[in-house]
1. For the range 157-264, give me every one of the strands (runs of 3 or more DSSP E) that falls completely inside it and has 1 or more residues that are aliphatic (A, V, I, L, M) and either more than 22 Å from residue 106 (Cβ to Cβ) or at pLDDT below 85 (or both).
2. Could you list all residues from the range 58-81 that are over 25 Å from residue 122 (Cα atoms), part of a loop (DSSP other than H, G, I, E, B), of a type outside the set (D, E, K, R) and in contact (Cβ under 8 Å) with a residue 60 or more places away in the chain?
3. Go through the range 104-151 and report how many residues are more than 15 Å from residue 73 (Cα to Cα) and among the hydroxyl-bearing types (Ser, Thr, Tyr).
4. Evaluate the range 183-193: report whether one residue or more is aromatic (Phe, Trp, Tyr) and more than 13 Å from the chain's Cα centre (by Cα).
5. Out of all the residues in the range 17-42, which are surrounded by fewer than 14 Cβ atoms within 10 Å (Cβ to Cβ) and either modelled with pLDDT of 90 or more or hydroxyl-bearing (Ser, Thr, Tyr) (or both)?
6. Can you confirm whether residue 146 is among the hydroxyl-bearing types (Ser, Thr, Tyr), more than 23 Å from residue 243 (Cβ to Cβ) and touching an Asp or Glu at 6+ places or on another chain (Cβ under 7 Å)?
7. Looking only at residues in the range 129-148 that are surrounded by 17 or more Cβ atoms within 10 Å (Cβ to Cβ) and in contact with a Lys or Arg (Cβ under 7 Å, 6 or more places away or on another chain), which one is farthest from residue 47 (Cα to Cα)?
8. Please tell me if residue 130 is within 17 Å of residue 68 (Cα to Cα), part of a strand (DSSP E or B) and not charged (D, E, K, R).
Amino acid sequence: MRRALAAALAFVAVSAGTIPAGASATPTATTVSSNWAGYTVSGSTLSSVSATWTQPEADCKTAAGQTAAAFWVGLGGNSETSNALEQIGTESDCSLNGAARYSAWYELVPAASVKTPLEVSAGDKIRASVRVTGSSVTIRLRDLTTGKSFAKTLRMAAPDISSAEWIAEAPSAVIPGGTRILPLTDFGTVRFANASATTASGHTGTISDSSWSAARIDLLSEGGPGGPGFHPFAEAAGGSQAATSRLAAGGSAFAVTWSQTGQV
């Protein structure tokens, strides 16, 4: 998600360390993050992750400045010690002049995110997947509404395959001396469906599968600047939150709903 914002700013996902050290990761456990909402699973060596969602419409009428919201699936990045994350997704952003913008991107952390040529619009149904085989990472994004797709296979020195994620995120801006989590776009509700992961041994299951441990994440930002460097627990620039629902459809579906802090 890195792209020009201003002379001193660029978008980048702050994508690791979402689950605090020692937090319980059971299907009913809920943790709080300053930039992630959704579900993560760990406890198995994983080779792929996938899901579908409908691209949310950005409500920019009341946005006080620039906002951003990213929706993605990925492997890795779910610990404070992780240095890698393989992810692909879409964004619903509001510009400084109040215009809604939609885009698709991928990122192989620690490398910068890359915008894809795939055009997406609010209301489009999106299918996304990440697959890792050795040092090979295949990312796919298909707009099921338009029929257009993007796919690419890249090499990565040390992919992280210790976890899988289905996430709505408040991305961050790189500023001199550190990072700052941007105010989260009012995206209403995003619904993930057909969520699954596959182990290195070939077993495929939903988020609630007994082959791994799942954790539900709620996003809560409290305002304030981020710290220096790569700081996944940096506080956000504006008070907002995103609440994650319980799993449905046999553990393959859930929703994330945006609100101002104090409204949920």
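The values are calculated or read from the model by the stated rules, or taken from the named source; none is laboratory data. Since the structure is predicted, the reported quantities are computational estimates derived from the model, not experimental observations. All Cβ positions, glycine included, derive from the backbone under ideal geometry; neighbour counts span all protein chains shown.
1. Correct list: 172-175, 213-220, 240-244, 254-260.
2. Just the residues of the range 58-81 that are over 25 Å from residue 122 (Cα atoms), to begin with: 75-81.
Add one more test, that the residue is part of a loop (DSSP other than H, G, I, E, B), and what stays is 77-81.
From the residues that got through so far, the ones that are of a type outside the set (D, E, K, R) too are 77-79, 81.
Across the range 58-81, the qualifying residues are 77, 78, 79.
3. Summing the residues that are more than 15 Å from residue 73 (Cα to Cα) and among the hydroxyl-bearing types (Ser, Thr, Tyr) in the range 104-151 gives 8.
4. Applying the first criterion (aromatic (Phe, Trp, Tyr)) to the range 183-193 yields 187, 192.
Next cut, more than 13 Å from the chain's Cα centre (by Cα) only: 187.
Yes, some residue in the range 183-193 is aromatic (Phe, Trp, Tyr) and more than 13 Å from the chain's Cα centre (by Cα).
5. Within the range 17-42, 24, 26, 28 meet the criteria.
6. yes
7. The initial filter retains those residues of the range 129-148 that are surrounded by 17 or more Cβ atoms within 10 Å (Cβ to Cβ), namely 129-132, 137, 139-143.
Pick out the ones that are also in contact with a Lys or Arg (Cβ under 7 Å, 6 or more places away or on another chain) and you get 129, 139, 142.
Working: 129: 11, 139: 12, 142: 20 Å.
Top of the filtered list is 142.
8. No, not satisfied.
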